[in-house]
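S.K.: Take a look at this one; I'll ask things after.
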Amino acid sequence: MVASTLSRDAEIPFADRAASPRPGPATGLPVTVRGLAKTFGDMPVLAGVDLHIPAGQFVAVVGKSGCGKSTLLRLVVGLETPSAGDVRLGDASEARRSTRLMFQEPRLLPWKRVVANVAVGLDPSVPASRRREEALHALREVGLENRADDWPSVLSGGQRQRVALARALVSRPRFLALDEPLGALDALTRIEMQGLVERIWTAQLFTAVLVTHDVGEAVALADRILVIDAGRIALDVPVDVPRPRRRGDPKLARIEGRVFDHLFNDQGAGI
Amino acid sequence: MPAALVALWEVAARLGEIPPNVLPAPSGVVAAALRLARSGELAQNIGVSTLRALSGFAVGGGIGLALGLANGLSSLSEKLTDTTLQMIRNVPHLALIPLVILWFGIDEEAKLFLVALGVFFPIYINTLHGIRSVDPQLVEMGRVYGMSEARLFGEVILPGALPSIFVGLRYALGIMWLTLIVAETISASSGIGYMAMQAREFLLVDVVVLSILIYALLGKLADSVARLLERLSLRWHPAYQFR
């Protein structure tokens, strides 16, 4: 987040879109959450969350399973309706179209070839003649252009998740929500994917919220880490370590330690 | 192996081991086929039977598909019709033959009605099941990615239900021929079944055997066409991939 807008634009792989109908520059959407609460039946899952995410920030949300972190994300992208409070994504008129969600599973349509699956992410207003080209462009970003005409069933788990990432990015979203998208991958593929997500985020400058149970992943990728506990934000720490970050950096380790302490002290207090 | 069996059958028939009034030699059946083909009777009867089968299938299958889709997509439609349909399903459709003859006589409508009723249920049930078993995660993905209801149906729900619809289709094709055979042998004035029944009265065993073989071939043909369609439209499915 240091480069000027101009030099960024020069690097954006999607910048050559004079013919594209999508207006405006690709900048992130700011997110504002006020008094957000959600109950399922009698179970409170979120109990009053206040949060502001500036445009273009990469936020990681961590917490134990069942703490409400996925619910928070689903509320932010509008997949659930809040029981109280509200979520504002930049200027609301465009928010829905410029928001993309990447799921824990790839959720590719098995009856569409890879390139057609990516094109699902394009706005219906994009003309048929440009759809394939734009989808191929996004596939090139994730390094899978040569698999464009394969069926999803022949890809590996990591490749499928990369196709899902291309589908999420093909419309150049201004807000990307990631719901543990790397959780099901093996350790090495996961590190590779983390690098890919970071590289694309650096180039495209969208606002990103990553829900994860992997504190190491949160520390490696995020500008800021939120720890959710019992439906509230229990800790909000900045990760002010310049990129590219090196694994095993002592500063990162210190932040990781702080997050872990918080996660487990809480448990200690509960017992 | 099948060729050897036919050869054995031919030899046994020529040696008189199988009396001709029980089972004629294969060459006799072929001769009967040629005789009937030359008189035009064969082509006409096959044409009549095929037309009956296909029109009954189109009517019954079309209604089954439409109701299956409607009940799979709308819970209101399902509440209104599903219980009734499940009750009717328990009546064997061939048991209705006396009633159908009273209603329609032995005209075309009777056969069309029976075939349509027979193919309706396998198509209906498998379409409904197919739509119910579409992965809800994919449907959610479609919604999140801004698909309209029409696109969601065309790109997610229908392709997801297709493997199951094909199961229903192939099952229905079997029932289609079975129903037609029964209907034509009981009451008809044309068609393969009628040809067989008439031959029986004149003790033309070769024509009876020929009719049975034609039914078998038509059934096999219908199944092969269905398999081909299935293979073409389910190319994405790991079970149908050849490369």
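S.K.: When you look at A:Ser171, is it closer than 26 Å to B:Ser148 by Cβ, more than 10 Å from every other protein chain (Cβ to nearest Cβ), more than 13 Å from the chain's Cα centre (by Cα) and of a type in the set (Ser, Thr, Tyr), yes or no? Quick ask: steps written out before the conclusion?
M.R.: Working: closer than 26 Å to B:Ser148 by Cβ: yes; more than 10 Å from every other protein chain (Cβ to nearest Cβ): no; more than 13 Å from the chain's Cα centre (by Cα): yes; of a type in the set (Ser, Thr, Tyr): yes.
So A:Ser171 does not fit the description; no.
S.K.: Something else now. Looking only at region A:132-156, filter to residues that are out of contact with any Leu (no Cβ under 6 Å at 6 or more places or on another chain) and outside any helix (DSSP H, G or I); which one of those is farthest from the other protein chains (Cβ to nearest Cβ)?
M.R.: Only one residue fits best here, namely A:Gly143.
S.K.: Which residue pairs have Cβ atoms closer than 6 Å, lie 6 or more positions apart in sequence or on different chains, and pair a first residue in region A:40-53 that is in contact (Cβ under 8 Å) with a residue 12 or more places away in the chain with a second residue that is assigned to a loop (DSSP other than H, G, I, E, B)?
M.R.: Close Cβ pairs satisfying both conditions: A:Pro44/A:Gly231; A:Val45/A:Gly68; A:Val45/A:Gly231; A:Leu46/A:Gly68; A:Leu46/A:Gly231; A:Ala47/A:Gly231.
S.K.: When the residues of region A:64-83 are narrowed to those that are part of a loop (DSSP other than H, G, I, E, B) and touching a residue at least 40 places away in the same chain (Cβ under 8 Å), which ends up farthest from the other protein chains (Cβ to nearest Cβ)?
M.R.: At the first step, the residues of region A:64-83 found to be part of a loop (DSSP other than H, G, I, E, B) are A:64-68, A:77-83.
Filter once more, so that each one left must be touching a residue at least 40 places away in the same chain (Cβ under 8 Å): A:64-65, A:67-68, A:77, A:80, A:82-83.
On the way: A:Lys64: 24, A:Ser65: 19, A:Cys67: 22, A:Gly68: 19, A:Val77: 7, A:Glu80: 11, A:Pro82: 17, A:Ser83: 20 Å.
So the residue we want is A:Lys64.
S.K.: Let me ask something else. Restricting attention to region A:69-76, does a residue exist that is among the charged types (D, E, K, R), at pLDDT below 95 and not assigned by TED's automatic domain parsing to the domain that holds A:Leu182?
M.R.: Step one: list which residues in region A:69-76 are among the charged types (D, E, K, R), which gives A:69, A:74.
Narrowing the set further to residues that are at pLDDT below 95 leaves A:69, A:74.
Now drop any that are not not assigned by TED's automatic domain parsing to the domain that holds A:Leu182, which leaves none.
No - not one qualifying residue is present in region A:69-76.
S.K.: Condition test on A:Asp123, is it within 13 Å of another protein chain (Cβ to nearest Cβ), surrounded by fewer than 20 Cβ atoms within 10 Å (Cβ to Cβ) and out of contact with any Pro (no Cβ under 9 Å at 6 or more places or on another chain)? So that I can check it myself, show each step before the final result.
M.R.: Working: within 13 Å of another protein chain (Cβ to nearest Cβ): yes; surrounded by fewer than 20 Cβ atoms within 10 Å (Cβ to Cβ): yes; out of contact with any Pro (no Cβ under 9 Å at 6 or more places or on another chain): no.
So A:Asp123 fails the test.
S.K.: Let me ask something else. From A:Leu176, A:Leu185, A:Leu144, A:Leu196, grab the single residue that is closer than 23 Å to A:Val61 by Cα, surrounded by 22 or more Cβ atoms within 10 Å (Cβ to Cβ) and not acidic (Asp, Glu). I'd like the intermediate steps shown before the answer.
M.R.: Details: A:Leu185 fails: surrounded by 22 or more Cβ atoms within 10 Å (Cβ to Cβ); A:Leu144 fails: closer than 23 Å to A:Val61 by Cα; A:Leu196 fails: surrounded by 22 or more Cβ atoms within 10 Å (Cβ to Cβ).
Among A:Leu176, A:Leu185, A:Leu144, A:Leu196, only A:Leu176 is closer than 23 Å to A:Val61 by Cα, surrounded by 22 or more Cβ atoms within 10 Å (Cβ to Cβ) and not acidic (Asp, Glu).
S.K.: Considering every residue within region A:90-98, establish whether at least one is at pLDDT below 90, within 14 Å of chain B (Cβ to nearest Cβ) and assigned to a strand (DSSP E or B). Reasoning before the result, please.
M.R.: Kept after step one, since they are at pLDDT below 90, are these residues of region A:90-98: A:90-98.
From the residues that got through so far, the ones that are within 14 Å of chain B (Cβ to nearest Cβ) too are A:94-98.
When the remaining residues are screened for being assigned to a strand (DSSP E or B), the result is none.
Within region A:90-98, none of the residues are at pLDDT below 90, within 14 Å of chain B (Cβ to nearest Cβ) and assigned to a strand (DSSP E or B).
S.K.: From the list B:Leu76, B:Leu99, B:Leu65, B:Leu85, which one is more than 14 Å from chain A (Cβ to nearest Cβ) and either within 30 Å of A:Arg100 (Cα to Cα) or touching a residue at least 60 places away in the same chain (Cβ under 8 Å) (or both)? Walk me through how you get there before you give the answer.
M.R.: Details: B:Leu76 fails: either within 30 Å of A:Arg100 (Cα to Cα) or touching a residue at least 60 places away in the same chain (Cβ under 8 Å) (or both); B:Leu99 fails: either within 30 Å of A:Arg100 (Cα to Cα) or touching a residue at least 60 places away in the same chain (Cβ under 8 Å) (or both); B:Leu85 fails: either within 30 Å of A:Arg100 (Cα to Cα) or touching a residue at least 60 places away in the same chain (Cβ under 8 Å) (or both).
Only one candidate qualifies: B:Leu65.
S.K.: Pick from region A:101-120 the residues that are more than 8 Å from chain B (Cβ to nearest Cβ) and in contact with a strand residue (DSSP E or B) (Cβ under 7 Å, 6 or more places away or on another chain): which of them is surrounded by the fewest Cβ atoms within 10 Å (Cβ to Cβ)?
M.R.: Step by step, filter region A:101-120, then rank; the result is A:Gln104.
S.K.: Could you list all residues from region A:35-63 that are under 17 Å from A:Leu221 (Cβ atoms) and in a loop (DSSP other than H, G, I, E, B)? Give the steps one after another, and end with the answer.
M.R.: Step one: list which residues in region A:35-63 are under 17 Å from A:Leu221 (Cβ atoms), which gives A:53-54, A:56-63.
Within region A:35-63, A:Pro54, A:Gly56, A:Gln57, A:Gly63 meet the criteria.
S.K.: Just checking, which of B:Ala183, B:Ala172, B:Ala222, B:Ala161 is buried (at least 19 other Cβ atoms within 10 Å of the Cβ) and modelled with pLDDT under 90? Give the derivation first.
M.R.: Details: B:Ala172 fails: modelled with pLDDT under 90; B:Ala222 fails: modelled with pLDDT under 90; B:Ala161 fails: modelled with pLDDT under 90.
Answer to the selection: B:Ala183.
S.K.: Just a yes or no: is a residue in region B:92-104 loosely packed, with under 14 Cβ neighbours inside 10 Å and not in a helix (DSSP H, G or I)?
M.R.: Step one: list which residues in region B:92-104 are loosely packed, with under 14 Cβ neighbours inside 10 Å, which gives B:92, B:95, B:98-99, B:102-103.
Applying the additional criterion that residues be not in a helix (DSSP H, G or I) yields B:92.
Yes, the conditions are met somewhere in region B:92-104.
The values are calculated or read from the model by the stated rules, or taken from the named source; none is laboratory data. Worth saying up front: this structure is predicted, and the values here are computed from it rather than measured. With ideal geometry, Cβ positions are generated from the backbone for all residues, glycine too; neighbour counts draw on all protein chains shown.
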